[in-house]
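Here's the structure we're looking at; comments come further down.
The values are calculated or read from the model by the stated rules, or taken from the named source; none is laboratory data. Just so it is clear, the structure is predicted and the values come from calculations on it, not from any experiment. As a convention, Cβ positions derive from the backbone with ideal geometry for all residues, glycine included, and neighbour counts pool all protein chains shown.
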Ligand SMILES: C[S@@+](CC[C@H](N)C(=O)[O-])C[C@H]1O[C@@H](n2cnc3c(N)ncnc32)[C@H](O)[C@@H]1O
């Protein structure tokens, strides 16, 4: 077992990360006793630890871009630097962990007043930088493109107006700004700031670009008949995975293992509401 990571330590008295679609994804990876497994998103180690339990002989290469996670620290867009031999199975369990959301202090949650950082890797521009320096059109594009926010224009305008008076520092600065133009009574069931926060997190971490690069590099590193499993949590991610898999299948370099994405059972959603939007897609590489 790996040493307990800092994020896990911090989370011990709070809610831990519950791995999503755990058994479905491990079954789909079709591991053999001596397989090599690449976990591109180690997080709380839920999937890797279950692999270790079921297949003690499997060689696991685990990375995570978060420096507080106990794995090799890098983005899966740099997978080719880490994986120097072919691997038999790859898992990307995308997005953010419960540990990051609740215990990182980096401003991922609109329910906690924290510095507006949102960097998973601790490097590069912060969400605060985007809000305080990007122009209105660029911010509007982020909200619309990465959050599918319907009133992106209104929110972008409110952001610019506010920062002329006072710069953005904490999550509640942003929540207040969103609530002023999108009150709680808004017709959506989710919190009014949900889409704005999702959009900023994706932009700060360049998540969609990383996914496109990671899928390509992962597929190249895969052994013939190797399995590639991806769990996504929103439509933008899922569209990229779906199109990538479709193209590989069309050009006959891969075959589908899941014809339709696997989704969590009603019981899993009840036990772990965070799993409700999860979709698992799996393919196998051809000769
Ligand atoms: C949903 S969690 C994974 C949870 C893990 N499977 C478990 O069961 O404990 C996603 C993790 O992937 C990491 N991550 C997200 N995008 C990444 C990327 N492009 N490269 C490396 N790690 C990434 C995040 O830092 C986070 O720790």
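Which pairs have Cβ atoms under 6 Å, sit 6 or more apart or on different chains, and link a residue in segment 204-233 that is surrounded by fewer than 17 Cβ atoms within 10 Å (Cβ to Cβ) to one that is at pLDDT below 95?
Going by the 6 Å Cβ cut-off, the qualifying pairs are 224/287.
With (1) buried (at least 24 other Cβ atoms within 10 Å of the Cβ); (2) within 9 Å of the ligand (Cβ to nearest atom); (3) not assigned by TED's automatic domain parsing to the domain that holds residue 226 as the list, and residue 47 as the residue in question, which single condition is left unmet?
If we test residue 47 against (1) buried (at least 24 other Cβ atoms within 10 Å of the Cβ); (2) within 9 Å of the ligand (Cβ to nearest atom); (3) not assigned by TED's automatic domain parsing to the domain that holds residue 226, just (3) comes out false.
Only one of 143, 116 is in contact with a strand residue (DSSP E or B) (Cβ under 7 Å, 6 or more places away or on another chain) and crowded, with 18+ Cβ neighbours inside 10 Å; which? Show your work before the answer.
Values: 143 fails: in contact with a strand residue (DSSP E or B) (Cβ under 7 Å, 6 or more places away or on another chain).
Checking each option against the conditions leaves just 116.
Does at least one position in segment 91-99 carry a residue that is more than 7 Å from the ligand (Cβ to nearest atom) and closer than 23 Å to residue 174 by Cβ?
yes
Considering only segment 51-90, state which residues are more than 14 Å from the ligand (Cβ to nearest atom) and surrounded by fewer than 20 Cβ atoms within 10 Å (Cβ to Cβ). Quick ask: steps written out before the conclusion?
Here is the first cut: in segment 51-90, the residues more than 14 Å from the ligand (Cβ to nearest atom) are 54-59, 84-88.
Once the filter is applied, which keeps residues that are more than 14 Å from the ligand (Cβ to nearest atom) and surrounded by fewer than 20 Cβ atoms within 10 Å (Cβ to Cβ), segment 51-90 yields 54, 55, 56, 57, 58, 59, 84, 85, 86.
Only one of these is surrounded by fewer than 19 Cβ atoms within 10 Å (Cβ to Cβ) and either more than 19 Å from the chain's Cα centre (by Cα) or at pLDDT 95 or above (or both): 268, 287, 237. Name it.
Working: 268 fails: surrounded by fewer than 19 Cβ atoms within 10 Å (Cβ to Cβ); 237 fails: surrounded by fewer than 19 Cβ atoms within 10 Å (Cβ to Cβ).
After applying the criteria, what remains is 287.
Looking at this structure, is residue 105 more than 10 Å from the ligand (Cβ to nearest atom), on the phi > 0 side of the Ramachandran plot, out of contact with any helix residue (DSSP H, G or I) (no Cβ under 6 Å at 6 or more places or on another chain) and modelled with pLDDT of 95 or more?
Values: more than 10 Å from the ligand (Cβ to nearest atom): yes; on the phi > 0 side of the Ramachandran plot: yes; out of contact with any helix residue (DSSP H, G or I) (no Cβ under 6 Å at 6 or more places or on another chain): yes; modelled with pLDDT of 95 or more: yes.
When the stated conditions are applied, residue 105 passes them.
Filter segment 158-177 down to the residues that are free of Cβ contacts under 8 Å to residues at least 24 places away in the same chain and under 19 Å from residue 138 (Cβ atoms) and list them by number. Walk me through it before giving the result.
Taking segment 158-177 and keeping what is free of Cβ contacts under 8 Å to residues at least 24 places away in the same chain, we get 158, 161-162, 164-166, 176-177.
Hits for segment 158-177 are 158, 161, 162, 164, 177.
Would you check if residue 94 is assigned by TED's automatic domain parsing to the domain that holds residue 225, in contact (Cβ under 8 Å) with a residue 40 or more places away in the chain and within 25 Å of residue 276 (Cβ to Cβ)? Talk me through it step by step, then tell me what you get.
Numbers: assigned by TED's automatic domain parsing to the domain that holds residue 225: yes; in contact (Cβ under 8 Å) with a residue 40 or more places away in the chain: yes; within 25 Å of residue 276 (Cβ to Cβ): yes.
So residue 94 fits the description; yes.
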